[in-house]
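The structure appears below as structure tokens.
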Amino acid sequence: MKNKKAERARPVRAVFLVGFMGAGKTSVGQALGSHLGWPFEDLDDRVQRREGRSIEQIFRESGEAAFRHAEHAALREILSELGTSCRIIALGGGAFVQANNADLLKKSRIPTVFLDGPVEELFERCQRQQLERPLRSDIDEFRRLYRARYPHYQAASLRIDTGGKGVESVAAEVVAALGLGPAKSPGKNKS
Ligand code: S3P
């Protein structure tokens, strides 16, 4: 018989960060990784490496469906490598919206953390970053996509509001919420 208490008490060894474009998944993931001493990986980087093409090229040359296929394969690969190793993984903004990815992650029982924030702030962050994002267009379309995806993100194990917060303090909240150890908090110098 399965011991539910023991299952819940399983130590967290990996964390998946999910959320819309501009949510800070990569920067928070890097901060978390360096805080915990765990390797950080971006799913989009894995996709690009496996495909030998940039995300923008995959969309342009092969379309979104091909990108989603490659993204799913990359996620499977990461999950198959995890074992008991520790890792922080940032997913691309559409990955957790795909039922096949969400199902895989649910079965893995690895915590998924939804980094949320006001859509205008996410849009501004994307504009500042000036990264190639094939699915980022004007604010109306951005907002429409955000709203359509929102219910999917809510299926994550944890939601953290990033609105108006810095990367380090969001990372500290994730650490505290998942019980991963004392978080370094900017401005606070506790001994
Ligand atoms: C996408 C977000 C991107 C990247 C791809 C598709 C999306 O990742 O995976 O351009 O569907 O929202 P970021 O969320 O890191 O920008």
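Summary of values
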{"quantity": "Student exercise, the range 2-177 dipole from Lys, Arg, Asp, Glu Cβ charges, in Debye to nearest 20", "calculated": "920 debye"}
{"quantity": "Of G181, G33, G117, the one that fluctuates the most in a GNM where the chain has Cα springs shorter than 10 Å", "calculated": "G181"}
{"quantity": "Fluctuation leader among G63, G22, G163 - the chain, Gaussian network, Cα springs under 10 angstrom", "calculated": "G63"}
{"quantity": "Extension reserve of the K107-E120 stretch, reckoned as 0.36 nm per residue once the Cα distance is removed", "calculated": "1.4 nm"}
{"quantity": "Value at 222 nm in deg cm²/dmol, rounded to 500, when DSSP H runs of n ≥ 4 in the chain each add -39,500 (n - 2.57)", "calculated": "-16000 deg cm²/dmol"}
{"quantity": "Accessible area in square angstrom per residue, the range 52-191, 1.4 angstrom probe", "calculated": "55 Å²"}
{"quantity": "Full-extension gain in nm, L178 to A148, via 0.36 nm per residue minus C-alpha separation", "calculated": "8.1 nm"}
{"quantity": "Heavy-atom accessible surface of the chain: percent carbon and sulfur, 1.4 Å", "calculated": "49 percent"}
{"quantity": "Lys pairs, the range 2-177 - Cα-Cα below 24 angstrom, 8 or more residues apart or on other chains", "calculated": "9"}
{"quantity": "Residues whose placed amide H lies under 5 Å from that of G117, excluding near-sequence neighbours", "calculated": "T162"}
{"quantity": "Farthest toward positive dipole pole in the chain [+1 Lys/Arg, -1 Asp/Glu at C-beta], among G93, Q130, A177", "calculated": "A177"}
{"quantity": "Of V15, P118, Q57, farthest towards positive along the dipole that unit charges on Lys, Arg, Asp, Glu beta carbons give the chain", "calculated": "V15"}
{"quantity": "Sequence-distant residues sharing a close amide H with D42 (under 5 Å, placed H)", "calculated": "A90"}
{"quantity": "Packing-based ranking, highest mean first, of 129-135, 89-95, 69-75, 53-59 given that Cβ atoms within 10 Å are counted", "calculated": "89-95, 69-75, 53-59, 129-135"}
{"quantity": "Prolate/oblate/rounded label for the range 58-191 (Cα gyration tensor, a/c 1.5)", "calculated": "oblate"}
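The values are calculated or read from the model by the stated rules, or taken from the named source; none is laboratory data. Just so we're clear, the structure is a prediction, and the values are computed from it rather than from any experiment. FYI the Cβ positions are ideal-geometry reconstructions off the backbone, even for glycines, and counts take in every protein chain you see. With ligands, DNA and RNA removed, areas are computed over all heavy atoms of the protein, side chains included. Shrake-Rupley method; radii C 1.70, N 1.55, O 1.52, S 1.80 Å.
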